[in-house]
Amino acid sequence: MLPLATFKTVIASTPLISIDLVVKNSEGQILLGKRTNRPAQHYWFVPGGRVLKDEPLEIAFSRILKAELSSDKREAKFLGVYQHFYEDNVTVDKFTTHYIVLAYELFFNESVMKLPTEQHNEYQWFNKSELLNHDAVHKHTKWYFQKGKKAGEAFSL
């Protein structure tokens, strides 16, 4: 774990790489958690987390899956690369956060009552249309269900 001062410099200076988990149940509903931390605090958001320095992606995926869903590794489908830009950051200091996000879809039918509360203080299953029309679902979560939001799709060179 980086000291906070070093981590602030990293966030203020460079993009972070993260993995987001687009979790669906057998009914096609999507699992969202209400975020307790910045950025995206108080919004419904998909589970996920940062990739750590020198951490292979498959290890990061397993660690994040365990931390966010209390689950072992499962089969997942790669959805693509996304870019998330936030006006705030995990601290109260005034600088932005930029994430390069690797999004994966997976299926999960266990109870949400057992899920960890470190990043989210409650969980809920949303239908796609409900998710897209809900004001408290963060726009970056909605992007996983909208065309043209993957890196390379929203613009051409």
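Report the full-extension gain for the segment Asp88 to Glu110: residue separation times 0.36 nm, less the Cα-Cα distance, to one decimal in nm. Don't skip to the answer; put the middle values down first.
Numbers: separation 22, 0.36 × 22 = 7.92 nm, distance 3.30 nm.
The Asp88-Glu110 span can extend by a further 4.6 nm.
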(message) Given contacts defined as C-alpha pairs under 8 Å and at least six residues apart, what's the relative contact order of segment 4-153, whole-number percent?
(response) 33 percent
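When a/c is below 1.5 the answer is rounded, else prolate if a/b is larger than b/c, else oblate, so apply that to the chain with a ≥ b ≥ c taken from the square roots of the Cα gyration tensor eigenvalues.
Since a/c stays below 1.5, the shape of the chain is classed as rounded.
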(request) Tell me the label-point distance for the pair His42, Thr9, using the 7 Å Cα-to-Cβ offset, in nm and rounded to one decimal. (result) 3.3 nm
(request) Could you pull out which residues in segment 38-71 have an amide N less than 16 Å from a spot 7 Å beyond the Cα of Lys139, following the Cα-Cβ vector? (result) 39-41, 43-45
(message) As an exercise, use a Förster radius of 22 Å and the Cβ-Cβ distance of Ser70 and Met1 to find the FRET efficiency, rounded to the nearest 0.05.
(response) 0.60
(message) Loop-only GluC sites (Glu not before Pro) in segment 37-105, please: DSSP not H, G, I, E or B, and at most 10 other Cβ atoms within 10 Å.
(response) Glu75, Glu87
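On full extension of the chain, what length is gained from Ser129 through Asp54, given 0.36 nm per residue of separation minus the C-alpha to C-alpha distance?
On the way: separation 75, 0.36 × 75 = 27.00 nm, distance 3.86 nm.
Length difference between fully extended and current span is 23.1 nm.
Keeping all protein chains in place, calculate the accessible area per residue for the chain (probe 1.4 angstrom), answer in Å². Don't skip to the answer; put the middle values down first.
Values: 9030 Å² over 157 residues.
For the chain, the per-residue accessible area is 58 Å².
The values are calculated or read from the model by the stated rules, or taken from the named source; none is laboratory data. Keep in mind the model is a prediction, meaning the values are calculated, not measured. With ideal geometry, Cβ positions are generated from the backbone for all residues, glycine too; neighbour counts draw on all protein chains shown. Heads up: the accessible areas ignore ligands, DNA and RNA and are worked out on the full protein's heavy atoms, side chains in. Shrake-Rupley method; radii C 1.70, N 1.55, O 1.52, S 1.80 Å.
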